[in-house]
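The values are calculated or read from the model by the stated rules, or taken from the named source; none is laboratory data. Here the structure is a predicted model, which is why all the values come from computation and not from measurement. A quick note on method: Cβ atoms are made from the backbone with ideal geometry, for glycine too, and the neighbour counts reach across all protein chains shown. Remember, those area values only see protein heavy atoms, side chains included, never the ligands or the DNA or RNA. Shrake-Rupley method; radii C 1.70, N 1.55, O 1.52, S 1.80 Å.
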Amino acid sequence: MDWGSELWDQFDTIERHTQWGLELLDKYVKFVRDRTEIEQCYAKQLRNLVKKYLPKRNNRDDPEFKYSQYQAFQQLVKELGDFAGQREVVAETLMVTICVELVKYSQEVKQERKMHLQEGRRAQQQLETTLKQLESSKRKFERDCRESERAHLTAERLDQDISVTKADVEKAKQQSQLRSDMAEESKNDYASCLQKFNQDQSRFYYSQMPETFRKLQEMDERRTVKLKEGFSLFSSAEQQVVPIIGKCLEGMKVAADSVNEKHDSQMLIEMNKSGFERPGDVEFEDFSQPMNRTSSDSSLGTLKGALDLRGDSRLLGKSKAKRWPFMKKNKSIVTEDFSHLPPEQRRKKLQQKIEERKRDLQKEIDQRDALNKMKDVYQKSPQMGNPNSLEPKISETLGNIEKLQLEIQKYETWLSTVESRMNNRGDSIMRNSGHSELTSTLNDSVCSLEKDSPETPRSDDSQDPLNQPIYTEFAEDFEEEAGSPIGQCTALYSFEGSGEGTIAMSEGEVLSLMEEDKGDGWTRVRKSKGTEGYVPTSYVQIHLK
């Protein structure tokens, strides 16, 4: 079934159909272009979203990056960025494989269709011209036949009329013969035109137009196939990225599953654990009886501090409000040994520094070995280079190795000190639990003595058993010979000094600074009476000399 045999008389229909096919092709190209713009806009918005929520710098040392939930969120955002990239791939594929190709093909088909239609119109014009010639020769033949018939009748009529001269009869006969010859000539011309028209018409309907229609049919079918491929590419562009998009979505699911609440809770502990021991019980202070005896500054009960607080409600309020003395630490001084940090954080920082220095040391050692090998090669093959030229670099590397070894030794010394202090504090916690009952008993004894003997004269701290130090955690620090103060400090808050080796102080009291905080949150001070002890670093304002 072809257009040339079935649609031999439907030239206009074929022309309209091929035009409609080209319009459909252009319409589909416009549709794909609009889809491409949507994909590009969508991908751009996704890119902006990813850029907004991704950190400007990906530093794994940031504290928040250590949490699994934050890592999962960052991974999800990155997967969304890959997803946006696949949308860009879809847009590019649609534009290149469909829009560009079909626009180019559409121009070619339009040109081909124009050429075939022009051929058909030329053949049609030729047939119409032949038909006009046939009709013209036919009318001339008809006219000449009538003229010849009239001339023949006139000659016969004159021949029978006796009144007409012989010359007129001869003239009439000549005219009749002439008209008859003209009619015969017109007949021959008409026959020739008719034969030519029949040949042209047969060629037009059986050869020229079928060939033109066949070419138009092939062109239209090729256009249909191309459009079909375009339809297929529309979905193929999406199918090509479906596996990658699936991986992106799977990556998002994996990121969600990677969130570990226990890990994050433990990570919070590891990053923020101070290493301090928990504060002991707050002792009972009896304000119902007058206090006639004051304890020493370093005693357990800190009765003097109690009297000071009882006399000043403002100080008492601040003392009660300051229940967590280790939450705020003095960070005004940052030292190389990280002594400004809590013990646990200091230990982690020192371990991190040791690991960094060891990595740097290994790099320097590898470089030293490489330089020595190169030097040996130069010595064996002088044409390859001068071995003396490597001496400065080797010397520099050896110096770096020595420097890094000293730094590692320094950090390891500090680390061992921190770990020993933390171990001592762990033992202290065990001792505190064992002495809790004794502390309660002594406090009860103090209250009973005050109630029963309000007029009892004071005794020296060295003779009063209640004022003897019970805890000995910091005893080794005080066994050393007392040195000269390195500065002064002012108490920001009142401190009861009920812990082992601590000393009581009142708000605003000026103390001598004997030893700075070593990273455990405590500062060693001396009172004006000569009593020394430890107070929380966050409770005092330090003034170095």
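Being touching a Pro at 6+ places or on another chain (Cβ under 8 Å) and without any contact (Cβ under 8 Å) to a residue 24 or more places away in the chain narrows it down to one of Gln379, Gln409, so name that one.
Gln379
Please work out if Gln199 is surrounded by fewer than 17 Cβ atoms within 10 Å (Cβ to Cβ), free of Cβ contacts under 8 Å to residues at least 12 places away in the same chain, more than 21 Å from Lys138 (Cα to Cα) and not aromatic (Phe, Trp, Tyr).
Considered against the rule, which asks whether it is surrounded by fewer than 17 Cβ atoms within 10 Å (Cβ to Cβ), free of Cβ contacts under 8 Å to residues at least 12 places away in the same chain, more than 21 Å from Lys138 (Cα to Cα) and not aromatic (Phe, Trp, Tyr), Gln199 comes out as no.
Residue check, Leu134 against (1) assigned to a loop (DSSP other than H, G, I, E, B); (2) surrounded by 13 or more Cβ atoms within 10 Å (Cβ to Cβ), all met but one. Which one?
Of everything listed in (1) assigned to a loop (DSSP other than H, G, I, E, B); (2) surrounded by 13 or more Cβ atoms within 10 Å (Cβ to Cβ), Leu134 misses just condition (1).
Please find, within region 372-413, the residue that is surrounded by the most Cβ atoms within 10 Å (Cβ to Cβ) out of those that are of a type in the set (A, V, I, L, M) and within 30 Å of Ser339 (Cβ to Cβ).
Leu404
Quick one: how many residues across region 230-267 are exposed (fewer than 15 other Cβ atoms within 10 Å of the Cβ), small (Gly, Ala, Ser) and under 15 Å from Gly85 (Cα atoms)?
1
Kindly check whether there is at least one residue in region 355-371 that is more than 17 Å from Leu404 (Cα to Cα), buried (at least 17 other Cβ atoms within 10 Å of the Cβ), free of Cβ contacts under 8 Å to residues at least 40 places away in the same chain and in the same structural domain as Leu415 (by the TED database).
yes
On the basis of being open to solvent by less than 80 Å² (accessible area, probe 1.4 Å), within 17 Å of the chain's Cα centre (by Cα), farther than 14 Å from Phe234 by Cβ and not small (Gly, Ala, Ser), does Glu15 make the cut?
The answer is no for Glu15.
Within region 519-537, restricting attention to residues that are touching a residue at least 60 places away in the same chain (Cβ under 8 Å) and β-branched (Val, Ile, Thr), which residue is surrounded by the most Cβ atoms within 10 Å (Cβ to Cβ)?
Thr537
Being polar (S, T, N, Q) and part of a helix (DSSP H, G or I) is the filter here, so list the residues in region 384-404 that pass it.
Passing the criteria: Asn388, Ser389, Ser395, Thr397, Asn400.
Among all residue pairs at least 6 apart or on different chains, which show Cβ distances below 6 Å where the first residue, located in region 69-92, is under 19 Å from Ser236 (Cα atoms) and the second is of a type in the set (S, T, N, Q) and part of a helix (DSSP H, G or I)?
Filtered contacts from region 69-92: Ala91/Thr36; Ala91/Gln40.
Which members of region 26-41 meet the condition of being of a type in the set (Asp, Glu) and either in contact with a Phe, Trp or Tyr (Cβ under 6 Å, 6 or more places away or on another chain) or open to solvent by less than 90 Å² (accessible area, probe 1.4 Å) (or both)?
Asp26, Asp34, Glu39
Would you check which residues across region 132-168 are of a type in the set (Gly, Ala, Ser) and either touching a residue at least 60 places away in the same chain (Cβ under 8 Å) or under 29 Å from Asp200 (Cα atoms) (or both) and list them?
Ser136, Ser137, listed by residue number.
If you check Phe204 against the conditions, is it assigned by the TED database to the domain that holds Arg35 and more than 30 Å from Phe83 (Cβ to Cβ)?
yes
For every residue, the table says whether it meets (1) open to solvent by 70 Å² or more (accessible area, probe 1.4 Å); (2) in contact with a Phe, Trp or Tyr (Cβ under 8 Å, 6 or more places away or on another chain); (3) at pLDDT 50 or above.
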{"residue": "Met430", "(1), (2), (3)": "yes, no, yes"}
{"residue": "Cys447", "(1), (2), (3)": "no, yes, no"}
{"residue": "Asp460", "(1), (2), (3)": "yes, no, no"}
{"residue": "Pro465", "(1), (2), (3)": "yes, no, no"}
{"residue": "Phe478", "(1), (2), (3)": "no, no, no"}
{"residue": "Ser484", "(1), (2), (3)": "yes, no, yes"}
{"residue": "Ser498", "(1), (2), (3)": "no, no, yes"}
{"residue": "Tyr539", "(1), (2), (3)": "no, yes, yes"}
{"residue": "Lys545", "(1), (2), (3)": "yes, no, yes"}
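Of the residues that sit in region 42-65 and are open to solvent by less than 70 Å² (accessible area, probe 1.4 Å) and in a helix (DSSP H, G or I), which one is modelled with the lowest pLDDT?
It comes out as Phe65.
Here are some residues: Leu194, Leu249, Leu233, Leu227. Which one is assigned to a helix (DSSP H, G or I), assigned by the TED database to the domain that holds Asp144, more than 60 Å from the chain's Cα centre (by Cα) and among the aliphatic types (A, V, I, L, M)?
Every option except Leu194 fails the conditions.
Applying the selection to region 66-119, what residues are charged (D, E, K, R), within 30 Å of Asp257 (Cβ to Cβ) and open to solvent by 40 Å² or more (accessible area, probe 1.4 Å)?
Within region 66-119, Lys66, Lys78, Asp82, Glu88 meet the criteria.
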